[in-house]
Amino acid sequence: MNAMEARKSRFFKNMFLSYCLFIILSFLVYSATVIYEAVKVKENQAVTYYETKAQAFANGMDQQIYNAQNIISNLNNSSLINKLYMTVQMNSPVDSYLLYQILNDIRYQKTAGDDFNISDVVLMLNDYNKIYTSDEVIHLSDRIDLSGWNTDCLAVTDLNTCLNMNNSKLTFFKQYLIYSGAYQYGSGSQRGIICVLFENQKIQEMLKSASGEACGYAVYYNGKPVIKEGIEDGRFFKQNSRVSNLISYEIIAKKDKFGFELSDLGSIAMLFGFFICMGYLIIAYFFANRYSSPFEKIRNLVGKEKIVSGVMDLLGERNGYMQQVHNMSPYASQGILHSLIMGNDEESGNKEFIKEFIQLKRVFFMTAMVDLYFGEKWAKEESKKALKAISDLAEKESDAEFKILCYEKDALHVYLIFNSNNGEHLEDRLYEFFEKMKKTLGAKCVVTVGADDVKEELEELSVSCDNVMLALEKILWEGRGIIYFHDIQSDCSMNYYFPKDGIRQLTKGIRDQDRESISHFFEEIEKRNQMDFDNSVYAGKLLLSELYVTVVKAMQAVWDQCGIPLRRVDKCPPYRTMEEVIGYYSSLVTDLFFEMYQAEEIRDNNNQSDLELIEYINQNDKDPNLSLTQIAEHFSVSSKYVTALVKKQFGMTYLKYVQERRISHAIDLLKNSSLSLEKIAEECGYTNMLTFRRNFKAIMACNPSDFRGDKTAEDESL
């Protein structure tokens, strides 16, 4: 190998190694960036996820506490419970009808909130030997002293522990999540205790479900843990209760949920980057080999007579390159103009070349934006024709001393850039062009223009385009068909009028379908702002934003109340007059009225059918042939629908509801008749005596014969 070949070999190696070094360093930077961003994104996602779960955890538990507080409040205001207390205080016997009403009242409060986690509600009166639940009256051997009971508390415990008793009934020795409060009629003194007993297992399942992937959770009352599950080592997310200042919650997330793992998407990005790096290395090899070869050509050219011709061939083939550039220039011009308008200065390149390329060769320029309005219902073909006419007119009006450039922003808006060496005449040329546009487009299209001051520096083009958009916002209060200039001093006011209780007003008007109050709501906003405020551009934008939020929240409230599925509400399109804005939102409200009417019709039909189904069960509950399948076939619905309806109405399963009604009838017959147990079982819809006894004992905690004997003895003592 001679010296020249050796030098060539060294040049190839140096070039290839340089490429390799650059590519590897780029890959390392890329990998570090990917890992950093992956960790950052994962942490943000994890924090958002666990904060959401903590909020859901708090909301779920708050709903249970709120239901319990509501039950206690309703029982405190119950005239029946007050009558019971007065009867007890006078040592008078409690008649059976009052007792029946009281148990029904407690049972109703238990099921009214549709909270299936509530097992029972217990009423205890001071210095009294009976306890009232939603299902029965429990007789105690001694009077209970409730003076040491800590009211308004939350704890996982059992009633035996709370009352220092050893009662064998399930209600006393089973552990519940107990929320208790004082019984006091109205605002009087404490008369007893009301306890709401939650199924502890169901509450635990609900909290575990709400906490999602959290490794632990806790419920605190007055700073002390009431419920605490899972590991305690991790990142804590806390929430305070919205229904009680003494209750707080927290969930715990494992620390590895916030770090980088090989299973994350970042690993895929790194693998992708590795393959790209390998591809670039292969390309670098071929490029190094290719670009080291010119040195060999130069060596061959040295000493030859046609060196100039050889160098020309070396520098590039004449393959129509300039013709391709010429054909591309209109598209490239629009692309560069787009970059300037969007403010991408780093993509702009050499300023003098750009000015030449997009034909902004003159010293001064003025920016304007044209708004085309064909009415609320317009066709794309109309806008295309209008934009084409404006572009043709701009080209026609341009000459050697004056140039108008067009750039389409969207289907109804186009930027105009007036360029001239005479800056004083640009404003006059704008007005002339405006009049010609109106004449060209005709009466079907209303033309409005926003314009900025005359500029000199190309870097100000992006800011100037923002200014013309702000100028067009004046359409809101001043109307269409004229030219608006940007005025930074008069457009900066933030003062505007909007009703403080706007959401409540509009929600009530929509809910009541009161068109007059809704119309007054919108008219008041328009008139007060026109009369009392200077109507700046920024104030108008704030007003429109608040109006949109108010309309959306009002519609969502009505959707939720009427059972209408939620959907996205589109904002009023930009550059509209206040009258058009009000018309747009009024039409949304009008459409909502029709949806409310349809939802009400569907709801009425469903409610009537549901009432008929429940009435059918109540009338046939003593029929031994009554079954879910038979009811579903009779009303042409599914068995699941019947089950869900009974659960919703009574807070229990279909089977338990029918069994309770049958046993209730059996209790009445045991008390008021001398029928045999077999006959009573038959009368209540039981074909099997064993089933009757088992169901009776499950509900009343005693056999039917024992119940009849106890009842007879009690009546004799009275």
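Just so it is clear, none of the values below were taken in a lab; they were calculated from the coordinates. Owing to the predicted nature of the structure, the values given are computational and were not obtained by experimental measurement. Neighbour counts run over all protein chains shown; Cβ positions are idealised from the backbone, glycine included.
Working from label points 7 Å from Cα in the Cα-to-Cβ sense, the MET531 to LEU99 distance is 6.9 nm. Partners of LYS439 within straight-line reach, counting lysines whose Cα lies under 18 Å from its Cα and excluding those fewer than 8 residues away in the same chain: LYS384, LYS385, LYS388, LYS396. Length, then width, then depth: along the principal axes, the Cα atoms of region 356-493 run 41, 40, 23 Å. For a straight C-alpha distance cut-off of 29 angstrom, the lysines reachable from LYS553 (same-chain residues fewer than eight places away being disregarded) are LYS53, LYS238, LYS377, LYS474, LYS500, LYS508, LYS527, LYS541, LYS571, LYS648. Divide the volume of the convex hull around the Cα atoms of region 70-212 by the residue count and you get 111 Å³ per residue.
All alpha carbon pair distances within region 621-717 were sorted into 10 Å bins beginning at 0; the resulting P(r) in whole percents reads 15, 42, 28, 13, 3, 0. Residues HIS520, HIS413 in ascending order of nearby Cβ atoms (within 10 Å, fewest first): HIS520, HIS413.
Compute the signed sum of charges (Lys and Arg +1, Asp and Glu -1) over the other residues within less than 11 Å, Cβ to Cβ, of ASN495.
-2
Between SER73 and ASN167, the simple label model (points 7 Å from Cα in the Cβ direction) yields a spacing of 2.8 nm.
For region 572-578, putting each phi into the Karplus relation 6.51 cos²θ - 1.76 cosθ + 1.60 with θ = phi - 60° gives couplings of 4, x, x, 6, 10, 6, 4 Hz, in residue order, rounded to whole numbers and with x for Gly and Pro. The modelled label-to-label distance between MET494 and GLU601, using points 7 Å beyond Cα along the C-beta direction, is 4.9 nm.
Could you list TYR132, TYR185, TYR496 so that the one with the fewest beta carbons within 10 Å of its beta carbon is first and the one with the most is last?
TYR185, TYR496, TYR132
Between the listed residues VAL646, LEU670, ASN703, the Cα displaced farthest toward the positive end of the dipole of region 621-717, a dipole computed from Cβ unit charges relative to the Cα centre, is found at VAL646. Here VAL449, VAL363 are placed in order of increasing Cβ neighbour count within 10 Å, fewest first, which gives VAL363, VAL449. If R0 equals 45 Å, the separation of the Cβ atoms of LYS238 and LYS380 corresponds to a calculated FRET efficiency of about 0.25.
Within the same chain, lysines fewer than 8 places from LYS647 are excluded, and of the rest, those with a Cα less than 22 Å from its Cα are LYS110, LYS202, LYS622, LYS656. Put a plus charge on the Cβ of each Lys and Arg, a minus charge on the Cβ of each Asp and Glu, and nothing anywhere else: the dipole of region 621-717 about its Cα centre is then about 480 debye.
Amide H neighbours of LYS409 under 5 Å, at least 5 residues apart or on other chains, H built in the peptide plane: list them. Here VAL414, TYR415 satisfy the definition.
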